[in-house]
Each structure stands twice: as structure tokens, then as C-alpha cells.
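One structure is given here, and the rest of the page talks about it.
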Amino acid sequence: MIRIFIAEDQRMLLGALGSLLNLEDDMEVIGQATQGEEALSAIEELQPDVCLMDIEMPVRSGLEVAESLREQQHPAKIIMLTTFAKPGYFERAAKIGVDGYLLKDSSIDDLADAIRKVMAGKRIFSPELMFDMMNEPNPLTLRETEILLLLAEGKSTSEITKLLFLSTGTVRNYISEIIQKLDAKSRIDAIHTAQEKGWI
């Protein structure tokens, strides 16, 4: 029996997924959560075989939960579920080393099939997501991403220089490079573009 945990912030979808997967002869949904922190605690306690994880959840995102599980070397297989075909999300999920990444509009048969394949050691990714990522890779370096994240948190240039031990001129150069790479009109525009793509 494949023991499944589902983390999904839309309660109706959470209930429907749980009911439908429980109808499969070889699957049992052993736990559910609607936000990331709750999901992480429950997964550590229940020790499921597979975690179905929504990306955008309150408190901690599905990607943050997946990252924590991988850092702890938790044995559970992780399948990300998303409504959003954002290339940045897929890129981050791939780096974390998730076992599957599927769009929520997949059929329940496709999802059950993906769970079985992942349990057999395969990795399953929606072709649309891979296509989007290949068409639009993240143009930002790790340092640029770090600086843009700090800007998104509301940090000023002088605060960023202190946090990253860089000169004011260097930080300004990074910011201007970020704006140029993202074809943005301003810092705010750059933050918005990167968030839309899932790069930060």
C-alpha cells in the first residue's frame, strides 16, 4: 500500500484529491494539511511514502517544505502540484531534487500513474513545464537573485551593502544589471517580473 500525504491550501481540492486517491486499490491517504509548516510537522510524524505538495501555500511554500525534507534526507518521494507553469518554480524544484512536478489540471488517472512511477524510482515532469523552462531560462545569477530578494523584502541599497559586505557602487551595478536583464523599468518592475516568472 502506497501511503500518501497531501498538502494543498484549497480545501475543496484537498478533499477531492484525498477521496479519489483513496479509491485506488494500492493507495491510502494518511494525512492532509493546508499550509506548509503544518505539512512539514505532519510528514515528519506520519512518515508517508509520497508527499503531494502544492507550491503556493501559506506560512511555508511547497518548495520550502520540499527543501527542508531534502535537507533532512527524508525518504519520502515528493511530487509538486501547481496551477502555475512558472519556469522559475520548475527550475527550483528540479534543483531541490523533487521526484515529480505536475500541473493540477492533470487527470486523477495520470496522477495515480505518476505516483506509481515515482514509487518505482522514476521522475515524472509535465512536458509543458519543461518546455516553458527551456524557452525561458532564468537570466539572473545567484548573486543577482539574492540582491533582488532583498529588494523585494524592502531593503535599501545601504542595507544590502552591509548584509552582503559589498560596496554601494557594486550593489548599484548589480541592480542596474538586474533591471536590464529583466527588461524592467524600475526596481519594483524587476521584482514584479521575477515574481511572475517564479524566479524569486
- Query: From the list 28, 67, 24, 45, which residue is under 10 Å from the mean Cα position of the chain (by Cα) and either open to solvent by 30 Å² or more (accessible area, probe 1.4 Å) or among the polar types (S, T, N, Q) (or both)?
  - Reply: 67
- So is residue 133 farther than 24 Å from residue 187 by Cβ, among the aliphatic types (A, V, I, L, M), open to solvent by 40 Å² or more (accessible area, probe 1.4 Å) and at pLDDT 95 or above or not? no
- Task: Could you check the stretch 6-117 for strands (runs of 3 or more DSSP E) lying wholly inside it with 3 or more residues that are modelled with pLDDT of 90 or more, in contact with a strand residue (DSSP E or B) (Cβ under 7 Å, 6 or more places away or on another chain) and among the aliphatic types (A, V, I, L, M)?
- Result: 27-33, 50-54, 77-82
- Task: Collect the residues in the stretch 175-200 that are touching a Lys or Arg at 6+ places or on another chain (Cβ under 9 Å) and among the hydrophobic types (A, V, I, L, M, F, W, C), keeping them in residue-number order.
- Result: 175, 178, 179, 182, 190, 199
- Query: Is the stretch 120-131 home to any residue that is among the aliphatic types (A, V, I, L, M), in a helix (DSSP H, G or I) and under 30 Å from residue 6 (Cα atoms)?
  - Reply: yes
- Set 77, 95: member being crowded, with 19+ Cβ neighbours inside 10 Å and either over 9 Å from the mean Cα position of the chain (by Cα) or under 17 Å from residue 126 (Cα atoms) (or both): 77
- Would you pick out the residues in the stretch 169-192 that are open to solvent by 60 Å² or more (accessible area, probe 1.4 Å) and either polar (S, T, N, Q) or assigned to a helix (DSSP H, G or I) (or both)? 172, 173, 174, 176, 177, 180, 181, 187, 188, 192
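The values are calculated or read from the model by the stated rules, or taken from the named source; none is laboratory data. For clarity, every value in this text was computed on a predicted model and none was experimentally measured. In this analysis, Cβ positions are derived from the backbone assuming ideal geometry, glycine residues included, and neighbour counts consider all displayed protein chains. Accessible surface is based on the protein model in full, side chains and every heavy atom, while ligands, DNA and RNA are left aside. Shrake-Rupley method; radii C 1.70, N 1.55, O 1.52, S 1.80 Å.
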